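Input: a single structure, listed below in structure tokens.
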Amino acid sequence: MTEQDREKINDVVADALALDADARPAFLLRAGLTEQELAEARSLLSVADGAASILDAPALEFSKDFLVETDTESLTGKTIGPFTIIRELGHGGMGAVYLASRKVGDKDQLLALKLLKREMNSSLFRQRFEQEREILATLNHPNISSLVDFGAAEDGTPYFAMEYVDGLPIDEFCSRNKYGCDDRLSLFQKVCSAVSSAHRSLVVHRDLKPSNILVTSDGTPKLLDFGISKILSSAEGQDEAETVTRLGAMTPGYASPEQLNGESVTTATDIYSLGVILFELLSGHRPFEEKEKDLSGILRAIAEDDPPPPSSKADTGQIAEKRVPLSSEDRPDEARTLPNPVRLETGRENVKEKGPITALRPQEIRGDLDRIVLKSLQKEPERRYLSVDAFSEDIGRFREGRPVTARPSSMLYRTGKFLRRNRPMAIVGALLVLAIIAGIIATLWQARVAATERARAERRLADVRELANSFLYEITPEIERLPGSTPAKVKLVSRALEYLNRLSADPNAGSDPEILRETARAYHMVGDVQGNPMAPNIGDSKGAKVSFQKALDIRLGLLDRSPNDVALIAGLADDYQMLGLLESYGDDIEKAAPLLDRALELRKQVIAMDPADFEARRKLALTVRQRGYIPFYDGDNKAAIEYYRQSLGLFEKLHAEQSDNDDVALDLYYCYVNIGEAQGWDGEYKTAAESIDKGLGPIETIAARHPLDRTFQRTLGLAYSKRADSHADLEEYDRGVAMFGKALEVAKKTSEGDPTDLMAKRDLALAYKKLGECQENAKQLDASLLSIESALAVFSELRAADPNRAEAAYDVANTTFSLGMTLTTMKRYAEARKNLENARDAFAEVIKTNPANTYARRMSAHTFIELAKALAGQNADKAAIAQQWRLALDTFDGLKAEGKFEKVDDVAYADLQKKLGIS
Amino acid sequence: MSDGTSEITQILHDWNSGDESASERLLPYVYDELKRQARRLMSRERVDHTLQPTALVHEAFLRLAKQGGVDWQNRSHFYGIASRLMRQVLIDHARQHGASKRGSAQIHFSLDDVTIPVETRASSILALDEVLARLETVDERQAKIVEMRFFGGLSNTEIAEALDISERTVLRSWSVAKLWLYRELTRS
């Protein structure tokens, strides 16, 4: 065949490869090839499937195993005692295992021969080596590779021979044979029976892992390598070899916490390792696999972290693509350097089929299997299964559909224990519980299909109730006010949403009012964490709105069926209240009032049904106060004060009933602060200061009783800040600076306690800004500039974190304005002008989004006035300056026309008129 | 290697100034360098386990060029040579590992085959080498592309540059070459 012919065939074949296999024959016929060329092209294309994936890995990657120089001389072909070494099967710390043969009659018997490494041939290691042999001799179980012979080589190196197991590691075996759940469990139970038999002989294996459990082609698992096993009766402390090899010998991914801590090793250690293996057989991963990259990481994880339920690690795809490219470092020890000999023997078809390690789907594992595995992985040995038999029996129960002993109550127990021991750890506990609830619920819906599963399903439903209640009512409040809990809440929220969305997607969920009720409640809680403006939140106001709305919709649906359900009505009131509050913080304050009014109506309805309901009355008082924010934000201070006073009256009654209720007391006294604030805006500075002083003292006292409570501390900081405002209004600037300093201290502490709490961050920014403004008035200009710059930095950060909150844009505009003002005062006109122009544009942007924003309009008027000052400082021409005045006056006039002009602006307005020659 | 530095410099100068025979004289040095680096990579802790053969060849090039102290233009030419040498390195190692070409009709060159015993892999490499040598006589360019891509770890772009053909041609030739090799390897 000539080169041209070759070229032609290549072209045609390459084109054909681009086509579907079906289309190729016809294509070849039309390609104009000679008979000979056609035959060659067909021949090449016939192997297209097989050839597709070859040579994809670079040769170097493929060859790395045999590139490694072996420094030990090869024993292949040598004779040791009656054995002829065929090849090395693998090597561990002390010895190497070889495939060897010996003549038995006229037959060759294959055996695994373990030789102590020559350099290890000291009394210490020899003793250890012989111990292993003795251990093997005592074990006699069909699933344990048995001792066949032992002796010493001519040079004195001890050896022993074991049954040679022609099989695959258990995980690989399951994958290759596409074992389902039940097959895997059955196989695992056989392993348990081998381990249990060893335990009865007082032997603990201590290095259980898939590469030490080979499964032969007929499905018989064989336990290998008792190299670091231990006889329980041998006295502690005498076992020197143990201390020498402890860390080096075991496999971190499968080691138990007590093993890593060097604590006494019992049968519970093997139970833990078996748990890891079961985890892996089910999910295709080890519990802390991602931490195995470095030793310290995995050690810490095993000692401290809660293992995830295996279902959470299982991939959702049909086949869990696992560790194919990762594999070489995936197993931390000799598992990898031990190229399993057996794979050679098993023949090419097996080798060829070797694909990714498969695992089960998460839904197959969720529920009881998760619990069984987690029980075996408990940190404290005494909390695991009492014996391998008990472990195996529980698996048996699961396989038969009977209730298992691994109960969720142990979770609850653990959670409780965490709460007592360490509050932040409770967060982790809560997450765990939540994950489990999610798992159980999902399983529950699936389980409903089969009637035989009915009993199990009902039991699970009860579990869900118990756990959900514990999560919603016990754990969440525990972490609610804890400093630093916000990141945990973010996790909580995403997990919760995942679970809720799954639940609401399920058609069966719609039929169960009980579950709908819980779903609504959970949505509301999630909304709280996302963006309840009255509590520490993660600043996701948009997400919060969606969650509250979902809760609202579900509850409205339920209300149709039970219109007189108090809890439902109270819940609806909560939903409306939150939605109203969020709107009042958003850019369309008009939307807020009807929502809050509806909340008030519902609250009154609840109280009418049960006048003694303290909580309902407290919530009413609170909602009334919040209703006052709307006129306050809208510039109607009188109307706001009316709501505040009404709220104050309600809180006073509540306080009289429960004088030791600090929440009520705090809200009561804060009403005075609200009233004072509104009075201040109305220009009644003296009255304002008096009102705030009525509240401030008691608030200080109450807050001091709760130094770690974020809500109490925040309220204190706000009260300081409002009092400082009134100092400033009364032109008591030095006292104002001192008071703002106090507010800043509180805000700093709260914000540092949880840098992810955006509300605390906003308080901090506000404190900086107000301090800076007061410092300017107190003629502390440099300090002022610094404070305002700090404020602007924090506000900008906040805007980036939650761009959906209109308030954030307003804050940045407002602070930019302040910065410009201070710079004008400092006669740094050019910088001042630049900042003021920025502020002007920012306000325009805010007003464009919400033309009803009275504040922004006022402030933009003031920005024009300040711009005029800066321009005058730069000796700009009179017309340009007058233009700014005109813009300011027009803005004020616009407000006047709508009856939204603020009294505080009287002076500025008169001044503008004078300057522009208007009277 | 340091002994050879001045020698390398001379060779590189010669090559750079158009003496093609210089490349042959360079081979032993490149070979040593590749082997040294391959071993260094292999013995490295398993933190960064994925080998980058391309990087290896690049690195070898840079080191040698640096040692030669010349601004070397023949980069793509070097890649071709380096690929051939990598092939040589790997074949030598495979032989050292006691692999034989017999009994290795099965080939396993995809990463899915990580669990294949070393012996089988080594045999596979030897078998491939033999079949590739035959391909050289049938279609030299295809064989070159396989050598550069599989042994040299070069990208299609680099191969296209080195052989002065389009990337599309590289890809097409590569897929046909795989068919040819696979057929020959599996032919009993």
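The values are calculated or read from the model by the stated rules, or taken from the named source; none is laboratory data. In this text the structure is predicted, and so the values were computed from the model without any measurement. Note: ideal-geometry Cβ built from the backbone for every residue, glycine included; neighbour counts use all protein chains shown. To get the accessible areas, we keep the full protein, side chains included, count just its heavy atoms, and leave off ligands, DNA and RNA. Shrake-Rupley method; radii C 1.70, N 1.55, O 1.52, S 1.80 Å.
Things to note:
- The ellipsoid equivalent to the alpha-carbon distribution of the range A:694-806 has semi-axes of 21, 20, 10 angstrom, derived from the gyration tensor eigenvalues as √(5λ) and listed largest first.
- Checked against a 24 Å cut-off, the cross-linked pairs A:K542/A:K722; A:K545/A:K591; A:K591/A:K686; A:K694/A:K742; A:K770/A:K903; A:K591/A:K638 give Cα-Cα distances beyond that limit for A:K542/A:K722; A:K591/A:K686.
- Our Cα-only numbers for the range A:825-881 put the radius of gyration and Dmax at 12.2, 35 Å.
- The range A:738-893 shape via C-alpha gyration tensor axes, a/c threshold 1.5: oblate
- Using the Cβ-Cβ distance between A:K653 and A:T687 with R0 set to 22 Å, the FRET efficiency from 1/(1 + (r/R0)^6) comes to roughly 0.35.
- Overall, the anisotropy analysis places the range A:554-601 in the prolate class: the square-rooted eigenvalues a ≥ b ≥ c of its C-alpha gyration tensor yield a/c not less than 1.5, with a/b exceeding b/c.
- Gyration tensor verdict on the range A:809-919 (Cα atoms; rounded if a/c is under 1.5, prolate if a/b is larger than b/c, oblate otherwise): oblate
- Close amide-amide hydrogen proximity is noted between A:L89 and A:V97, A:Y98, A:L99, each under 5 Å apart and 5 or more residues distant or on a separate chain (H modeled in the peptide plane; Pro and chain starts excluded).
- Shielding score for A:45-51, defined as the mean number of other chain Cβ atoms within 10 Å: 6
- Sites A:S217 and A:L38, calculated FRET efficiency, Cβ-Cβ separation with R0 41 Å, nearest 0.05: 0.40
- Inter-label distance, nm, simple model (7 Å from Cα along the C-beta direction), A:A567/A:T79: 8.5
- Chains B and A together, accessible area buried on both sides, 1.4 angstrom probe, square angstrom: 5000
- Relative contact order of the range A:554-688, taken over Cα pairs closer than 8 Å and 6 or more residues apart, is 16 percent.
- The accessible-area ordering, largest first, of the residues A:C181, A:C192 stands as A:C181, A:C192, per a 1.4 angstrom probe.
- Neighbour-limited loop hits for trypsin sites (Lys or Arg not before Pro), the range A:748-842 (at most 11 other Cβ within 10 Å; DSSP other than H, G, I, E, B): A:K779, A:K827
- Environment charge of A:R184, counting only residues whose C-beta is closer than 13 Å and scoring Lys/Arg +1, Asp/Glu -1: -1
- Segment A:N661-A:E752, length gained on full extension (0.36 nm per residue, minus Cα span): 30.0 nm
- Using a Förster distance of 45 Å, the FRET efficiency for A:R886-A:E601 (Cβ separation, nearest 0.05): 0.45
- Between A:A704 and A:Q109, the contour length at 0.36 nm per residue exceeds the Cα-Cα span by 206.0 nm.
- The accessible-area ordering, largest first, of the residues A:S273, A:S387 stands as A:S387, A:S273, per a 1.4 angstrom probe.
- In this rough spin-label picture, where each label sits 7 Å from Cα along the Cβ direction, the A:N777-A:V148 distance is 9.6 nm.
- Loop-located GluC sites (Glu not before Pro) across the range A:668-745 with a Cβ neighbour count of 16 or fewer within 10 Å are A:E731, with loop assigned by DSSP.
- Taking the charge dipole of the range A:844-897 about its Cα centre, with +1 at Lys and Arg Cβ atoms and -1 at Asp and Glu Cβ atoms, the residue from A:M859, A:L895, A:N875 reaching farthest to the positive side is A:L895.
- Ranked from largest to smallest solvent-accessible area, with a 1.4 Å probe on the protein heavy atoms, A:V907, A:V195, A:V566 come out as A:V907, A:V566, A:V195.
- Amide H partners (placed H, <5 Å) of A:V203, local residues excluded: A:L232
- Qualifying GluC sites (Glu not before Pro) for the range A:130-226 [loop in DSSP, other Cβ within 10 Å: at most 13]: A:E154
- Rounded D (µm²/s) - the range A:517-567, Kirkwood Rh over Cα pairs, Stokes-Einstein at 10 °C, 1.306 mPa s: 142
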